[in-house]
Amino acid sequence: MSDLKFDICCAARVLYRAGLSVANAGHLSVAIGDNKMLVNRFGPSFATLSPADILTVGFDGKILQGEGWVNDTIALHGVIHRENPSIVAVAHTHPPASVTWSAFRKVPEIYDQESCITAGDIAVVDEDYEGLATGDRNLPLARKLGEKPIAILPNHGVVCTGPNIQLATARMLLTEGTCARNISVAIAAQATGHKPQPIKPEHAMTAKKEIGKIPFLQPLWADLMTRLKQTDPDLFAETVARHTSNV
């Protein structure tokens with residue numbers, strides 16, 4: 001359990017260092033059994049999250065273990081996990097380029113090799129923004145995530161899922177890159193008068209399959225952790241101290 005909490009904190013800080021979090025908004029969750037999940041408490045930003053800030057919470061939003069408070073938007077994660085038992089990890093935040101692109105309510109085009117990894121994986125929730133993600137407002141999103149691992153919420157943010165928090169985090173990074181590329185291509189097209197040519201869907205899917213044969217996640221995560229040790233030594237020092245005290 002402590003390793004999962006540490007992984008959630010690492011994911012949060014990776015997203016912060018990539019500029020994908022806003023103030024103290026956003027949640028990361030990992031399902032750990034029937035109707036239970038680990039999730040960050042409300043208060044600390046992704047920049048400062050530590051294992052003590054990770055609570056065990058029921059899918060109904062009630063705190064089962066740990067000290068802190070979760071706001072009502074945690075229901076978003078509970079509904080996603082409840083409606084999709086196969087989803088283990090959920091990452092929700094408000095990446096700037098993705099939020100900008102979400103105003104168009106369109107699935108982004110594929111313009112580059114890295115974006116091919118997201119080909120066919122992104123859905124757009126066709127719902128108006130009506131306030132915080134609470135109650136029945138979460139059901140359309142949960143159903144979309146039963147079909148695709150990534151969902152863009154118009155005028156709000158992005159939710160990425162996966163069998164672990166590492167892949168959910170990588171998908172968030174890739175989604176932001178895909179949306180940022182679409183915005184920059186649109187700006188270049190307007191400035192030059194040229195018509196952009198996206199990668200054809202069938203070619204993007206071919207590239208995705210070819211890239212999928214490369215075991216990229218483990219070395220990518222290891223590299224992210226190397227960088228994080230340089231920028232966030234406090235997180236790793238705290239973990240070492242905790243393990244030492246348990247010996």
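The values are calculated or read from the model by the stated rules, or taken from the named source; none is laboratory data. Quantities reported herein were computed from a predicted structural model and do not represent experimental measurements. We place every Cβ from the backbone using ideal geometry, glycine too, and count neighbours over all the protein chains shown. For the accessible areas, the whole protein counts, side chains as well, though only heavy atoms, and no ligand, DNA or RNA atoms are used. Shrake-Rupley method; radii C 1.70, N 1.55, O 1.52, S 1.80 Å.
Things to note:
- Search result, residues across the range 146-164 that are of a type in the set (A, V, I, L, M, F, W, C) and either out of contact with any strand residue (DSSP E or B) (no Cβ under 6 Å at 6 or more places or on another chain) or open to solvent by 10 Å² or more (accessible area, probe 1.4 Å) (or both): Leu153
- Considering residues of the range 181-197 that are in contact (Cβ under 8 Å) with a residue 24 or more places away in the chain and of a type in the set (A, V, I, L, M) only, the residue farthest from Ala12 (Cα to Cα): Val185
- Among (1) in a loop (DSSP other than H, G, I, E, B); (2) surrounded by 22 or more Cβ atoms within 10 Å (Cβ to Cβ), the one test that Ile214 misses: (2)
- Of residues in the range 9-66 being among the hydroxyl-bearing types (Ser, Thr, Tyr) and under 19 Å from Gly157 (Cβ atoms), the one modelled with the lowest pLDDT: Ser21
- Selection count, the range 45-65, where residues are over 13 Å from Asn138 (Cβ atoms) and touching a helix residue (DSSP H, G or I) at 6+ places or on another chain (Cβ under 8 Å): 10
- Pair list, Cβ < 7 Å and 6+ apart or interchain, from the range 118-135 residues that are acidic (Asp, Glu) and surrounded by fewer than 19 Cβ atoms within 10 Å (Cβ to Cβ) to residues that are modelled with pLDDT under 90 and outside any loop (DSSP other than H, G, I, E, B): Glu127/Pro140; Glu130/Arg137
- Looking at Thr231, Thr178, just one residue is hydroxyl-bearing (Ser, Thr, Tyr), under 23 Å from Val14 (Cβ atoms), in contact (Cβ under 8 Å) with a residue 24 or more places away in the chain and open to solvent by less than 60 Å² (accessible area, probe 1.4 Å), and that residue is Thr178.
- Residues that are among the β-branched types (Val, Ile, Thr) and surrounded by fewer than 18 Cβ atoms within 10 Å (Cβ to Cβ), drawn from the range 21-36: Val22, Ile32
So that you can scan it fast, the table gives a plain yes or no per residue for (1) at pLDDT 95 or above; (2) assigned to a helix (DSSP H, G or I); (3) out of contact with any Cys (no Cβ under 8 Å at 6 or more places or on another chain):
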{"site": "Val158", "(1), (2), (3)": "yes, no, yes"}
{"site": "Arg171", "(1), (2), (3)": "yes, yes, no"}
{"site": "Ala180", "(1), (2), (3)": "yes, yes, yes"}
{"site": "Val185", "(1), (2), (3)": "yes, yes, yes"}
{"site": "Gln190", "(1), (2), (3)": "yes, yes, yes"}
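Table: residues versus (1) farther than 21 Å from Leu235 by Cα; (2) open to solvent by 50 Å² or more (accessible area, probe 1.4 Å); (3) under 17 Å from the mean Cα position of the chain (by Cα).
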{"residue": "Leu38", "(1), (2), (3)": "no, no, yes"}
{"residue": "Leu49", "(1), (2), (3)": "no, no, yes"}
{"residue": "Ile63", "(1), (2), (3)": "yes, yes, no"}
{"residue": "Gly78", "(1), (2), (3)": "yes, no, yes"}
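- Against the numbered list (1) at pLDDT below 95; (2) crowded, with 16+ Cβ neighbours inside 10 Å; (3) out of contact with any Asp or Glu (no Cβ under 6 Å at 6 or more places or on another chain), Thr93 comes up short only at (1).
- Scanning the range 198-208 for residues being surrounded by 11 or more Cβ atoms within 10 Å (Cβ to Cβ) and either assigned to a helix (DSSP H, G or I) or without any contact (Cβ under 8 Å) to a residue 12 or more places away in the chain (or both) gives a total of 7.
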